[in-house]
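Shown next, in structure tokens, is the structure this report addresses.
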Amino acid sequence: MTRLDELLQCITIVEHNQNSPASSSSTNPAPSPSPTPHLHHIKLKVPRFNGTDPSGWVFKITQFFEYHATSDQDGLTIASFYMEIPALA
């Protein structure tokens, strides 16, 4: 349960960082680019999570989703498929 709690805490931090507006000292901050679909020809394996190293897994899966321009909703669904027991429990 401790590892699951760590994972949930890491996910919450990542989500918060993605949803927080970037702080800028400029009075006219540049608009953030809108997400565009990427056409990648490199096939990457989705990292599996077995309950160890939750921070490392969150980093890897976040990078994977950014590379493939995966929506948050789809990312949560996909991530659940790649959790192994005992992490899935």
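Each value in this text was obtained by applying a stated rule to the coordinates, not by laboratory testing. Model, not experiment: these values are computed from the prediction. Cβ sites come from the backbone with ideal geometry, for glycine too, and all protein chains shown count toward neighbours.
Here the Karplus relation 6.51 cos²θ - 1.76 cosθ + 1.60, evaluated at θ = phi - 60°, turns the backbone of segment 75-81 into coupling constants of x, 5, 5, 5, 4, 5, 6 Hz, with x for every Gly and Pro. Of the residues LYS60, LYS43, the one with the fewest other Cβ atoms within 10 Å heads the list, and the complete ranking is LYS43, LYS60.
Under a 5 Å amide H cut-off, with hydrogens placed 1.01 Å from N, MET83 pairs with PHE49 among residues at least 5 apart or on other chains. In order along segment 58-72, phi translates into HN-Hα couplings of 4, 4, 5, 5, 5, 4, 4, 5, 5, 4, 9, 6, 7, 5, 4 Hz, rounded to whole numbers, per the Karplus curve 6.51 cos²θ - 1.76 cosθ + 1.60 with θ = phi - 60° and x for Gly and Pro.
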